[in-house]
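The values are calculated or read from the model by the stated rules, or taken from the named source; none is laboratory data. Keep in mind that this is a model prediction, so the values were computed, not measured. Glycine also receives a Cβ, built like all others from the backbone with ideal geometry; neighbour counts cover every protein chain displayed.
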Amino acid sequence: MLINDALTAHGPRPTLLQRLLAQLGAVSLFYKVLLANGALVLAATATGMALTGWAGRADSSLHGLQLAGFAAGVAVLSLLINALVLRAAFSPLQRLEETADAVRHGDAGRRAPHSVLSDPTVARLIDTFNAMLEAQERQRDELAAFSSRTLDAQEEERRRIARELHDETAQELTALLLRIRLAANGSREPATRERLAELRVATARTLDGVRRLARELRPTILDDLGLVEAVRACAQDVATREGLQVDVRAHGLDGRLHPTRELVLYRVVQEALSNVAKHADARNVRVTLDRAGGDVVATVVDDGRGFDLATAIDVAPTGRGLGLLGMRERLALVGGDLEIDAPLDRGTRVRARVPLTSDERRGAPDSRLSTPDSRLERP
């Protein structure tokens, strides 16, 4: 490594010896040891044969060729034996490398196996590596548990605020609206009646906003009627408020899902629709809830302008990055995943997948399926 760094640094042109050393440094440890042992064996064999020939004063050229052939045979045999021994000796390190590569590609439960060929140093290295993986897995479990408790607390706080808005603020505004109406009906002054009418309109608008906020915080329809109807209601609110054409379709979701899975999918769709309304500059949106084998897939597609995903994750002050991270975090808690395809000027496709439990998989599929909307078909 030091030789390679020295060669890549700015300086005089490397010599032939330096280039050879750099190439040798790039060879794996197995072949380094094998070549070194082979060179030693070959040198020892050649020296032994030369001494034997000198001692016997063999002047025949045929005798010299026989000695050379014997030396080459001994060297090849020694190399083969060395290769077998080194391959066996390095096999624990190779398994350790394979385990590290498997963990890097998502197999978090993989552990490096022990081998009877491992020396004490390699065995300690395998134990340390496995202990590190165990510690990482415990940390992931603790982080997942903490995230789950945080989201549960957040949902409970949403539920409490929504209940207070509905039971207190909304009722107070309703009572105020009735008193304004009574005062307007009992007033004989046209100017006063006009002002009271304006106040009644403003109060009614505020009451609608409070009720909408309560529904967004914790929609009771999600608990009462399930995911599909809650998504339809959310889409209708977005369409009415933002002037979008929102099409919701459901397939294979007649039965109810686990409340946590319904809540996660609802929040993902809600966040995706909110991002469309705030950032996409779209006119048409399609929301699809589909049962695909042992999974439920929620897809939100719009015909807006798209965005750079890597940039969006980094710009938390706009709100979009935090929303995307929150979607991924929620889905990870139920074993799901999120896919986002947002090419510039070609719309955005958000796909959330959540695995079903064994009880949910026994539900009967829904045969109702609408005709696709060609305006939102992705290339």
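Checked against the criterion of being crowded, with 18+ Cβ neighbours inside 10 Å and modelled with pLDDT under 60, the candidates Arg320, Arg378 yield just one match: Arg320. Selection over segment 161-178 of residues that are surrounded by 12 or more Cβ atoms within 10 Å (Cβ to Cβ) and either of a type in the set (D, E, K, R) or outside any helix (DSSP H, G or I) (or both) gives a count of 3. Whenever a residue of segment 100-114 is over 24 Å from Asp337 (Cβ atoms), its partners that are loosely packed, with under 15 Cβ neighbours inside 10 Å and modelled with pLDDT under 85, lying with C-beta atoms within less than 7 angstrom and at least six residues away or across chains, give the pairs His114/Ala123. Pairs meeting the criteria (first residue in segment 123-151 and more than 30 Å from Met327 (Cβ to Cβ), second residue of a type in the set (Asp, Glu) and at pLDDT 80 or above, beta carbons under 6 Å, at least 6 apart or on different chains) are lacking. If you check Arg353 against the conditions, is it surrounded by 15 or more Cβ atoms within 10 Å (Cβ to Cβ), assigned by TED's automatic domain parsing to the domain that holds Gly293 and either within 15 Å of Gly252 (Cα to Cα) or at pLDDT 85 or above (or both)? The answer is yes for Arg353.
All of Arg249, Arg218, Arg232, Arg211 fail the test of being under 30 Å from Gln171 (Cα atoms), at pLDDT 85 or above and of a type in the set (Lys, Arg), apart from Arg232. Screening segment 191-283 for helices (runs of 4 or more DSSP H) wholly inside it with 2 or more residues that are surrounded by 21 or more Cβ atoms within 10 Å (Cβ to Cβ) returns the ranges 227-242, 259-275. All told, Thr121 falls short of being at pLDDT 70 or above, touching a helix residue (DSSP H, G or I) at 6+ places or on another chain (Cβ under 8 Å), under 30 Å from Leu133 (Cα atoms) and hydroxyl-bearing (Ser, Thr, Tyr).
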